[in-house]
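Please treat every number below as a calculation from the coordinates, not as lab data. Quick caveat, the model's predicted, so the values are computed rather than measured. So basically every Cβ, Gly included, is an ideal-geometry build from the backbone, and we count neighbours across all protein chains shown.
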Amino acid sequence: MAIKVRIPTPLQRLTQGKEEVEGVPGSIMDLITDLDKRFPGIGERISEGGKVRRFVNIYVNEEDIRFLKAEDTTVKDGDEVSIVPAIAGGTNRNA
């Protein structure tokens, strides 16, 4: 059983349109490093300097890694990882 990694729509152009790819066991940073080797450019959009970018949320089995061990959170076969870019914007209707 592999690790299932869900790729957000904005990053699917780097994964040849795949919305789901397999990942490797280890820490979240190990997973990101492996993804970047297979899908060049994805790593820099998710992380910087060994940390997950602040506007990217990563969930392991629906739990936010910020409330687990952050980048040191480990993943194992059978886990599901979701990469979710933060969404911002909108308008001030009162302006």
- Query: Tell me, what is the percent relative contact order of the chain, built from C-alpha pairs under 8 Å that lie six or more residues apart?
  - Reply: 36 percent
- Counting other Cβ atoms within 10 Å of each Cβ, which GluC sites (Glu not before Pro) in the range 16-95 have at most 15 and sit in a DSSP loop? GLU19, GLU62
- Using the alpha-carbon atoms, what tilt in degrees (0 to 90, nearest 10) does helix 28-38 show relative to the longest principal axis of the chain? 80 degrees
- Message: Using helices alone, I'd like the mean residue ellipticity at 222 nm for the chain: each DSSP H run of four-plus residues gives -39500 (n - 2.57), total over residue count, nearest 500.
- Response: -4500 deg cm²/dmol
- With a cut-off of at most 16 other beta carbons within 10 Å, and DSSP calling the residue loop, which chymotrypsin sites (Phe, Trp or Tyr not before Pro) in the chain qualify? Please list them. PHE55
- Query: So for the chain, what are the equivalent ellipsoid semi-axes in whole Å, largest first, each being the square root of 5 times an eigenvalue of the Cα gyration tensor?
  - Reply: 24, 16, 13
- Item | Net lengthening on full extension, PHE55/VAL84 (0.36 nm per residue, minus Cα-Cα) | 9.6 nm
- Task: Evaluate the distance, in nm, between pseudo-label points positioned 7 Å from the Cα of SER27 and of ASP72 along their respective Cα→Cβ axes.
- Result: 0.8 nm
